[in-house]
Amino acid sequence: MKEATQPKTIWGTIAELPNNVWKSIFRNPLPSSERGRSATMFTNFFLHLHPVRVHRHTLKATYTLGLGLISLFLFLLLALSGILLLFYYVPSTAQAYDRMLDLRGTVAFGTVLRNMHRWSAHGMVAVVFLHMCRVFFTGAYKKPREFNWVVGVILLLLTLFGSFTGYLLPWDQLAFWAITVGAEIAAYAPILGSEVQFLLLGDYSVGQEALLRFYVLHVVVLPLLITLFVAIHFWRIRKDGGLARPEQPDTVVETPMTLTGGEPRGAFGLMGFVRKPFTKVGNVPGNTVYSWPDLLTAEIFVLVLTIAAILVISISFDAPLEEPVNVMHPPNPAKAPWYFLGLQEMVSYSAFWGGVGIPTLEVLLLLMIPYLDRRPGGEGIWFSKQRLLANTLFMTFVVINIILIIIGTFFRGPNWALVSPF
Amino acid sequence: MSKKGLEELSEQGQSSRRRFLFWLSSALLAGSGLISAVSNLVFMRPRATYGQPSRFAIGRPAEFPVGTRISMNVEKVCVVREEAGLAAISIKCTHLGCTVGVSETGFACPCHGSRFDQDGNVIGGPAPQALPWYKLTLAPNGDLEVDKSVTIEQGTYFGV
């Protein structure tokens, strides 16, 4: 190897310094060979959660719709914009609302940053839910991916709780009455209900203690938990053999190592050693492509699209900010954000069943889906005929929730009376 | 006993001792984990709160002439004066804690549409219970006092 040559003078060392530093950080140059593509994916910290090769089916935009990736990118956007907003926010009932106004008036890019944070949050709730629908309708939760579905449901709940704790922080009317109602719903839980309510609020009524608690949950506890579960979610995708795809015999393409001159082609040996695709040195599973550049470009494309969409929305529409808290008068009607209006609609029939009973049953059912539906078949195909019953049931669940949200959003007026939006 | 038999015996003794130590240490670890989890919950439970006191003065009885219905929104109490006397009715909705407003027929909740009559009985919506009545007393200085920690039977007016 030539690299071992030692520079003779101090000047030589200095001249080589930038190059040496660079090479110590990036072990591989931009890949030009197949081996290079494998090595780059394998040795870079940020890339190594990808497989070296990825199945063509995984890259189909019409299969995944990129929903999982969009969820991740929205979460990253939320973390970034959230950290910036933290520099100007004070979790005090006396100051929080004024700080919101300051963001509008005295902070450069304050409005757009808050818009990005709010719209990304709304987007994340929607996209995480759609991602769950995608995974269901393509049967991607089946063995061996059962537990990753469970992790996904936990992530959905964390996302909802994150957005709930988030919209309390401006301490406007929405915040105050949402936290009042939310904590009262918790109190309907059997046995421990009022204790949970007291722990959440830190007091017997909504005030400073509650704001501080939700603030800590929102900026520390929930992001940490989400990060942890996202890591597990991704790790298990790899260990479960990549994304679900239709059962078909894995053809193995023989690509014998060319020992005559140059680097061996197609040699990535242990680098691809996960559940599937299996790889032996010199063999490449059929229907797979190198992650560099195919998977990477797809990801960057989705990233740019996500950021662009959020930017356009944030520049065009301002995030809602209601009147400052007025303990005397709840707004009439007092409505939660759209994604909780289905829940609010159910709660308006019965606090226990709408707020505790049915949501708990729904979550339990969601968690148990992969353990109840054990029949193989239909994996990796949208609306497979083999899964007609399961898909119909889940579609009913989705449609009912959407209808409840639409009723809560458009058909409820003052005093939660039925009104016509037309 | 042969040498081999002795070795087997001592190995058996070792393995049962190891099993015992394994279960003992596991139980101790789990126990200390449980204790620290409970301590954290206890830590999260404040011993003093800063909210509204449950007993407070609302003014002289003479300030409330017959026919008065005044909602005190911070205290979440509506002071009612009828011929029979005074009453303090909660205006915290029994459904999910919103503040109910005074309506023509009694009280109405803006959050989920519960409706109550003049005495606080549920006449519509999801509220599971009537609005509670609180105990009224006359303090030595002549002020009326509401005690929200004591609910009294509906229709029990405080005579003045």
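Every number here is computed from the coordinates shown, using simple stated rules; none is lab data. Just so we're clear, the structure is a prediction, and the values are computed from it rather than from any experiment. So basically every Cβ, Gly included, is an ideal-geometry build from the backbone, and we count neighbours across all protein chains shown.
Here are the numbers for this structure:
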| quantity | calculated |
| --- | --- |
| Taking N as its residue count, the alpha carbon Rg of segment B:55-152 over 2.2 N^0.38 Å | 1.05 |
| Theoretical FRET efficiency, 1/(1+(r/R0)^6), r = Cβ-Cβ of residue B:141 and residue A:418, R0 56 Å, to 0.05 | 0.65 |
| Given charges at beta-carbon only (K, R positive; D, E negative), |dipole| of the protein assembly as shown in Debye | 2620 debye |
| Calculated log₁₀ intensity ratio I(q)/I(0) where the Debye formula runs over C-alpha points of segment B:1-115, q = 0.16, 0.18, 0.19, 0.20 Å⁻¹ | -0.90, -1.00, -1.05, -1.10 |
| Between 0 and 90°, nearest 10: helix A:222-239 axis offset from chain A longest Cα axis | 40 degrees |
| Spatial separation of Cα centroids for segment A:319-338 and segment A:285-315, in angstrom | 38 Å |
| Degrees separating the helix A:110-137 axis from the principal Cα axis of chain A, which is the longest one | 70 degrees |
| Charge dipole of chain A about the Cα centre (unit charges at C-beta), most positive-ward option of A:59, A:411, A:87 | A:59 |
| Mean shadow area of segment A:60-200 over all directions, Cα convex hull, nm² | 11.0 nm² |
| Neighbour-count ranking [beta-carbon atoms within 10 angstrom, fewest first] of A:209, A:247, B:145 | A:247, B:145, A:209 |
| Ranked list, fewest to most other Cβ atoms within 10 Å of each Cβ, for B:152, A:403 | A:403, B:152 |
| Base-10 log of normalised Debye intensity for the protein assembly as shown (one unit scatterer per alpha-carbon) at q = 0.10 Å⁻¹ | -1.03 |
| Positive-end extreme of charge dipole, the protein assembly as shown - chosen from B:125, B:137, A:152 (charges on Cβ) | A:152 |
| Segment B:71-146 versus segment A:396-422: alpha-carbon centroid distance in Å | 29 Å |
| Degrees between helix B:3-43 axis and first principal axis of chain B (Cα, 0 to 90, nearest 10) | 20 degrees |
| Test item: Cα-centred dipole of segment B:108-160, Lys/Arg +1 and Asp/Glu -1 on Cβ, debye | 160 debye |
| Dipole of chain B, positive end: most advanced residue of B:96, B:84, B:74 [Cβ charges, Cα centre] | B:96 |
| Expected 222 nm ellipticity per residue - DSSP helices of 4 or more, -39500 (n - 2.57), all of chain B, to 500 | -9500 deg cm²/dmol |
| Coil-residue chymotrypsin sites (Phe, Trp or Tyr not before Pro) of segment A:101-178, DSSP, other Cβ within 10 Å capped at 16 | A:109 |
| Relative exposure of A:143, B:135, A:8, B:92, judged by other C-beta atoms within 10 Å (fewest first) | A:8, A:143, B:135, B:92 |
